[in-house]
1. What helices (runs of 4 or more DSSP H) completely inside segment 499-561 contain at least 1 residues that are out of contact with any Phe, Trp or Tyr (no Cβ under 7 Å at 6 or more places or on another chain) and of a type in the set (Val, Ile, Thr)?
2. Checking Ile273 against (1) assigned to a helix (DSSP H, G or I); (2) surrounded by fewer than 19 Cβ atoms within 10 Å (Cβ to Cβ): exactly one of these is not met. Which one?
3. Find the residue count for segment 398-427, including only residues that are over 24 Å from the mean Cα position of the chain (by Cα) and at pLDDT 85 or above.
4. Identify all residues within segment 780-818 that are among the small types (Gly, Ala, Ser) and touching a Pro at 6+ places or on another chain (Cβ under 8 Å); write none if there are none.
5. What pairs come up if the first residue lies in segment 216-244 and is surrounded by fewer than 23 Cβ atoms within 10 Å (Cβ to Cβ), the second is basic (Lys, Arg), and their beta carbons are under 8 Å apart, counting only those six or more places apart or on different chains?
6. If a residue must be at pLDDT 90 or above and either among the small types (Gly, Ala, Ser) or open to solvent by 70 Å² or more (accessible area, probe 1.4 Å) (or both), how many such residues does segment 839-859 contain?
7. Can Val51 be described as over 22 Å from Phe194 (Cβ atoms) and loosely packed, with under 14 Cβ neighbours inside 10 Å?
8. Which residues, taken from segment 824-838, are open to solvent by less than 70 Å² (accessible area, probe 1.4 Å), closer than 14 Å to Leu646 by Cα and in contact (Cβ under 8 Å) with a residue 24 or more places away in the chain?
Amino acid sequence: MPEREIWRHEDQLLQLALAAGTHPDALLDFATSSNPLGPPEWLRARISAAVSSLVRCPDPDCSALVDAAVQRYGVPPEQILAGNGVTELLYLLPAALSIERAFIPVPAPEHYLSAARAGGVTAHLLPLPAEHGFALDFDHLEQTLRHAPETAAMVLLGQPNHLTGRSLDAHRLRRLADRFPGVTFVIDETFADFIEDYDSLTVNRPANVLVLLSVTRVFACPGLRLGLAVGDPVTIRRMKVVQPPRSVNTIALAVGEAALQDGAYLAQLRAHIHQLREDLHRPLAQIHGLTVFPGEANFFLVRCDRAGLDARSLARRLLKQGLAVRVCDGVEGLDERFFRVAVRDAKENRRLLDALRKELFMAPRVTSRRRTPALMLQGTASAVGKSVLTAALCRIMLQDGYRIAPFKAQTMPRSPHVTRNGGEMGRAQAIQALAARLDPDVRMNPLLLKPDGAINDQVIMCGRPVEDLRVTDYVRYRAEAFERIKESYDSLAGEYDAILLEGTGSPAEVNLKAHDIVNMKMAGHAEAPVLLVGDIDRGGVFASFVGSMEVLNEQERARIAGFIVNRFSGRADMLKEALDYTLRYTRRPVLGVVPYLDNLGLWQEHAAVHPPPRAEERPFLNDSVDIAVIALPHSHGLINVEPLRLEPDVRLRFITQTRHLGSPDAIILPDSREILGDLTFLRASGLDRRLMQLAEQGGTEIVGIGAGFQLFGRSIVDPHGLATPGAALDALGLLPITTIMETERNLAPVAARHLASGLPVSGYAVPRDSSRSCEAAPVLTDSQNQPSGARSTNGQVWGCYLHGLFDADPFRRWFIDRLRQRRALSPLQTVQVRYELEPAFERLADTVRACLDMSAIYRLMGLK
């Protein structure tokens, strides 16, 4: 294609990409007057639902579409004709109305002139002078029409103009049409829906006015080709006679019907475009050497006034920077100096401005922070392994010489980590930080929501409690929270070479994603490509990949750069057919197949709720001890037992039913985030009675941590209604304590001594509640010799508030050896397993690196 033709049309992106030696997707397209919002959420679903109808020919009368247009425009159906885009309707006019002359103010789009030529119509071009801002001279047009021969004629006007973006006075147009009833005034409102408070000629339309409307362009799907003509019934009938039958396809009909009913989207778009136009126009007009012409549409006509530099030369330079603009030197009424730029989103508009300043020898303005390379892992669901893979990537990138930090905007941690200065953050992000050899920093996980009862959440912002909110209150708080989250991210990102972000749940949850601030909204702020992680062990992973893509809107889909298949057992080459299918369907590659990784030696958020689906209990050996963990429905601290699971002489079981409990050597009742619900569960399941029986028999050591310790007492007093609707709650009565729940809930790191063993232990505690007893002996003393916890007289039932109690290797071995001695087994005495993370991080990184295409990942991040 000749170079002149490449630059001439707005739809030559492929040719421009070829000229630039790149892929069209790599070009930022300012040549096409597009919709920066992208298609509405319902578009893909509407198209998918219409696919089954493709076995039949489309409705020749476009009945449902016309009915929707009747409701939208308030005109009778006989005044409406649907066509395969505005261009088709325009091409029908010469034959339908026996047009001999066309009066076309220029500049005007090429298809106006080609439609006239194709119909054998004589085109009279009426230049709009640049010095008058390309404004239409109504008086001159009227004089032209008065002196024209009395033959069938039409006046073809863009409203607004397709090149200048300037709209006309609708009132004057109506008056002009009334004065020339023998002339057909064709008003092309293709771009009118982009303009706020636009006065459409479909309202109070003179009989000789035909309005052309684009249905699909404003909804960001012009490739579907759907236009409407609104006019006199006689005109509409004549156009239909010469129109090819069934020229509107089934998909376009389905989409058009929905589009005409979606007024809310149009209102949002107009307000959005208005602001983007204003924000682009001011700095664009201030660039020395450019003249920006006034207009109202979603684009600007610009003239390059720099000596020795025409629009095409400037466009070539911009193309080297990955930006495509529309050169207008082949357009009637414009010369080699003119080009047109679309209004895109704010970030892209800033990129255009910086590129223009550079090419016109102006210093780019610093308008935004430096973009730190970033990558986000999102999932097809919760618990698909995002946290572990993020930790793996932290260690891999550290090994490769990058200063890397993790980030997750919001978590609902079941067991938070407490930083050195007492701030709370998600434990998964703390482990990721350690994988990057960093001290955990609350900026890595600025927002925590800690369930506090059935309907309340405690809000932790930047490590500190803010307030308790009901779910409905949090919806209102979210906008404020996101501003704080962005501040935390920007502060963190400014200190590192790259950031690895983790999402939450799935970005495709249709009931949540409109208000989500953790997944795509955060990825957008970080300008991070997204890899979608799926758990093949659950089944349906490829359906989840494809289904997630179908639910995401176009802007969200554009963020997805590829997929990771996690927890696969078998040979990766067995998946070739499925991987190829996923690539064909989504046009995104699978960048890795990671095997099922068991016994990582790392805590995992969701694995700590219940054992992993593959976690088979070790067979009970005679030289082992049997420890049962009561898996409460609202367990909040199963991380505390993770070190026990690694010990070779421990069989750790998770119990939900009394019949599975038996008579183990020890029972651990973990923390709870909903104490009333879990007490109800214990009583309904009969586990409360079995615990009391085992306590009386004395052969089983029974341990409670956090709320599990509180449940051992006689009563729990909740004067503030934090967790129970009443003032007091009768507990299990295993220990002679009464707990009073307080409103202060700051976590605090604790270093203590276990009294029975004399060994040091450490972790964190929640000092909000006091469990008082004059009868029970304490379990721990802290560095100030303050006692805490409580134990029964025989020491077989005990509890405390210290989370991380079993992390200490010597104490954990002492605890297990005491159980061994009760079973008449010799104590092992020496530490068998060191609960250390460094070897685990190295093993994890080596395994995951071998499975991922790290070169492709680095390219996505802009690091290679």
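The values are calculated or read from the model by the stated rules, or taken from the named source; none is laboratory data. From a predicted model like this one, the values you see are computed outputs, not experimental measurements. Because the Cβ atoms are built from the backbone with ideal geometry, glycine has one as well, and the counts that use them run over all protein chains shown. Keep in mind that these areas ignore ligands, DNA and RNA; they rest on the heavy atoms of the full protein, side chains included. Shrake-Rupley method; radii C 1.70, N 1.55, O 1.52, S 1.80 Å.
1. Values: elements: 520-526, 541-551, 554-559.
Per the criteria, 541-551.
2. The one condition Ile273 does not meet is (2).
3. Going residue by residue through segment 398-427, those that are over 24 Å from the mean Cα position of the chain (by Cα) are 398-403, 415-424.
Pick out the ones that are also at pLDDT 85 or above and you get 398-403, 423-424.
Selection size over segment 398-427: 8.
4. If we filter segment 780-818 for residues that are among the small types (Gly, Ala, Ser), which is where we start, we get 783, 788-790, 792, 795, 799, 804, 808.
Within segment 780-818, Ser788, Gly789, Ala790, Ala808 meet the criteria.
5. Pairs found: Thr216/Arg225.
6. Taking segment 839-859 first, the residues at pLDDT 90 or above are 841-859.
With the extra rule that they be either among the small types (Gly, Ala, Ser) or open to solvent by 70 Å² or more (accessible area, probe 1.4 Å) (or both), the set shrinks to 843, 845-846, 849-850, 855-856, 859.
Total meeting the criteria: 8.
7. On the way: over 22 Å from Phe194 (Cβ atoms): yes; loosely packed, with under 14 Cβ neighbours inside 10 Å: yes.
Taking the combined requirement at face value, the residue satisfies it.
8. Val833, Tyr835, Leu837
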